[in-house]
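Student: This is the structure, below, for whatever I ask next.
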């Protein structure tokens, strides 16, 4: 009997691991970019170059965070979520609510979500997380 319990526990741990397999966190890359900017290795022009459409979505629909922009240190960052996959526009689909993500999660197709932080003031942007949906 104890062996069956141990096997059941291992299966649960494996299932928990699989649930998080599809997420990539990009915070280490973010930290390196910010450090290189502060050391003068890279210029502000090279990292504050958000696409006009990303800035439009950030200004109108971005979810404000408590984090100040690490580049201009004036504005609070906002987050924006885009989804890419079959039968979506080539440039992706902006996702405004959690309910929209859940709708796509129920579909049989495979989608990839991108969580991006954006500064509406200086146009800094960085990919925070990538997640398979």
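The values are calculated or read from the model by the stated rules, or taken from the named source; none is laboratory data. Note that the structure is a prediction, hence the values are computed from the model and not measured. FYI the Cβ positions are ideal-geometry reconstructions off the backbone, even for glycines, and counts take in every protein chain you see.
Student: Kindly list, by first and then second residue, each pair from a residue in region 39-66 that is surrounded by 14 or more Cβ atoms within 10 Å (Cβ to Cβ) to a residue that is part of a helix (DSSP H, G or I), limited to pairs with Cβ atoms under 9 Å and residues at least 6 apart or on different chains.
Tutor: Short answer, once both residue conditions are applied: 42/33; 42/36; 47/33; 47/34; 47/36; 47/37; 50/58.
Student: Does residue 30 fit the bill of being within 13 Å of the chain's Cα centre (by Cα), under 23 Å from residue 130 (Cβ atoms), at pLDDT 90 or above and surrounded by 11 or more Cβ atoms within 10 Å (Cβ to Cβ)?
Tutor: Working: within 13 Å of the chain's Cα centre (by Cα): yes; under 23 Å from residue 130 (Cβ atoms): yes; at pLDDT 90 or above: yes; surrounded by 11 or more Cβ atoms within 10 Å (Cβ to Cβ): yes.
Yes; evaluated as a whole, the condition is true for this residue.
One line per residue, one yes/no per condition, for (1) touching a strand residue (DSSP E or B) at 6+ places or on another chain (Cβ under 6 Å); (2) surrounded by fewer than 15 Cβ atoms within 10 Å (Cβ to Cβ); (3) within 13 Å of residue 61 (Cα to Cα); (4) free of Cβ contacts under 8 Å to residues at least 60 places away in the same chain:
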| site | (1), (2), (3), (4) |
| --- | --- |
| 82 | yes, no, yes, yes |
| 92 | yes, no, no, yes |
| 110 | no, yes, no, yes |
| 128 | yes, no, no, no |
